[in-house]
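Some notes on the structure that comes next.
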């Protein structure tokens with residue numbers, strides 16, 4: 001289970017590649033237990049497209065490269081599942097939504113890991 005500081009929604013305006021998306025949810029830091037299995041599912045309204053009938057594909061990567069082996073992402077449900085190393089303090093993920101026309105927007109999710117008792 002994740003504890004989160006409050007998030008907000010940003011209106012997408014113009015910008016290269018963002019056409020079609022009208023808003024994207026931003027996230028505060030999510031707090032997860034270090035060394036334990038956790039899961040977190042992106043809210044359905046994380047990425048809002050102007051046309052609700054358009055199919056939007058999700059992709060997740062680490063801020064500095066691919067997702068590590070301990071973290072999985074289900075593109076269909078937007079669910080992250082993982083068991084971070086006990087020594088890891090935080091990890092940033094970039095989630096990108098792309099429509100069939102190639103328009104895309106991204107949001108950043110920071111996972112902070114706390115040891116038991118914190």
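The values are calculated or read from the model by the stated rules, or taken from the named source; none is laboratory data. Please read these numbers as outputs of a predicted model, since none were measured by experiment. FYI the Cβ positions are ideal-geometry reconstructions off the backbone, even for glycines, and counts take in every protein chain you see.
Restricting region 50-65 to residues that are within 15 Å of residue 95 (Cβ to Cβ) and surrounded by 13 or more Cβ atoms within 10 Å (Cβ to Cβ) leaves a set whose member that is farthest from the chain's Cα centre (by Cα) is 56. Looking at this structure, is residue 117 surrounded by 14 or more Cβ atoms within 10 Å (Cβ to Cβ), modelled with pLDDT under 95 and at positive phi? So residue 117 does not fit the description; no.
With respect to residue 93, determine if the residue is closer than 10 Å to residue 60 by Cβ, touching a residue at least 12 places away in the same chain (Cβ under 8 Å) and surrounded by 15 or more Cβ atoms within 10 Å (Cβ to Cβ). The answer is yes for residue 93.
List the residue pairs whose Cβ atoms are under 6 Å apart, where the first residue sits in region 13-30 and is within 16 Å of residue 99 (Cβ to Cβ), the second is assigned to a loop (DSSP other than H, G, I, E, B) and at pLDDT 85 or above, and the two are 6 or more positions apart or on different chains. Qualifying pairs under 6 Å: 17/103; 19/103; 20/50; 20/103; 22/50. Looking at residue 31, is it surrounded by fewer than 18 Cβ atoms within 10 Å (Cβ to Cβ), touching a strand residue (DSSP E or B) at 6+ places or on another chain (Cβ under 8 Å) and part of a strand (DSSP E or B)? Judged against the criteria, residue 31 is not a match.
Residues in region 37-54 that are out of contact with any strand residue (DSSP E or B) (no Cβ under 9 Å at 6 or more places or on another chain) and either assigned to a strand (DSSP E or B) or within 19 Å of residue 74 (Cα to Cα) (or both): 44 only.
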